[in-house]
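What follows is calculated from the coordinates using simple rules that are stated; it is not laboratory data. Quick caveat: nothing in here was measured; it's all calculated off a predicted structure. Here Cβ is always computed from backbone atoms with ideal geometry, including for glycine, and neighbour counts include all displayed protein chains.
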DNA sequence: AGTCAAGTTAACGTAAACGTAAGCTTGGCT
DNA sequence: AGCCAAGCTTACGTTTACGTTAACTTGACT
């Protein structure tokens, strides 16, 4: 079972981003692909990393934040200090996420309202009521 | 019942942002306060606007997007074209929000895991098991 | 042998969202 | 009268996350 590898182009296309972005993430030490000569070679684990990066971005994390999260996750959390730091970080993030959660629900409700009003009016127009 | 007014400083402090930000939002036409002389005067409606702006930001909207959302909301939606545009926009946004929603839930679960593992280890350490 | 797509580095450009002086005005104390 | 905090405008600086050439290499076809 030889491990499946990917080129930077394949990876970019499969995630809907540009090679430039992937190289930039590497510059920020979020990805550390192997090299065959000077060409980058990616494995499944890199895909996972990239998926996490993009999810983090969608949630409004900066690349720097994602980086520190990776570090905390990578360095096996053995020292008590590390663990405390980690707990503190997760607590903060959880608060932000819960805030976003609420924001999203409010907004969804408002969108529901707007949408149904729009559709009503459209129907009115179509029936020549306007 | 005279309407309550606010200075830019008061507004800034009550929202935990800087006056600079508020002036910037005005530059982007997100706020249009009245003036007493050359000094800005804000009312309750401006507070509402500002609250919406900040909520939008927390959700990852750009100021430009928030601006167009305001415009769509302000211009009473009477033309069919406007309504279609609005529906399209809300549909897109809803998709993004649902994506974020899922992302957040996944992340929360992972945080749960990490957190409980951390706490376990901490207890181990405290009991001298490590 | 030629070329062509896809890779590489290096370096400069850009948009968004403010931060940060600099220099001016002003209403309110004391 | 003098001062000070708070407001104002103008303008340049800054960070983040890439976009965009430019100029070069390289393996794969034909």
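Details
- Comparing the stretch B:75-130 with the 2.2 N^0.38 Å rule of thumb, its C-alpha radius of gyration ratio is 2.27 (two decimals).
- Cα long-axis angle, helix B:44-58 against chain B (0 to 90 degrees, to the nearest 10): 40
- Built from the Cα atoms of the stretch B:40-108, the convex hull projects on average onto 6.1 nm², one quarter of its surface area.
- Cα pair count fraction exceeding 26 Å, expressed as % - chain A: 49
- Value of Rg to Rh for the stretch B:1-59 (Rh from inverse mean 1/r over Cα pairs, i.e. Kirkwood): 0.95
- Mean partner shielding of peptide B:92-103, defined as the number of other chain Cβ atoms within 10 Å of each residue Cβ, is 4.
- For chain B, built as a Gaussian network whose Cα springs stay under 10 Å, the top-fluctuating residue of B:115, B:26, B:34: B:115
- Calculated [θ] (222 nm, deg cm²/dmol) that DSSP helices of n ≥ 4 give over the protein assembly as shown, each run adding -39,500 (n - 2.57): -23500 deg cm²/dmol
- Most mobile of A:61, A:101, A:70 in a GNM of chain A (Cα contacts under 10 Å): A:101
- Distance from the stretch A:1-21 to the stretch B:1-45 (C-alpha centre basis), Å: 48
- As a ratio to 2.2 N^0.38 Å, the alpha-carbon radius of gyration for the protein assembly as shown is 1.32.
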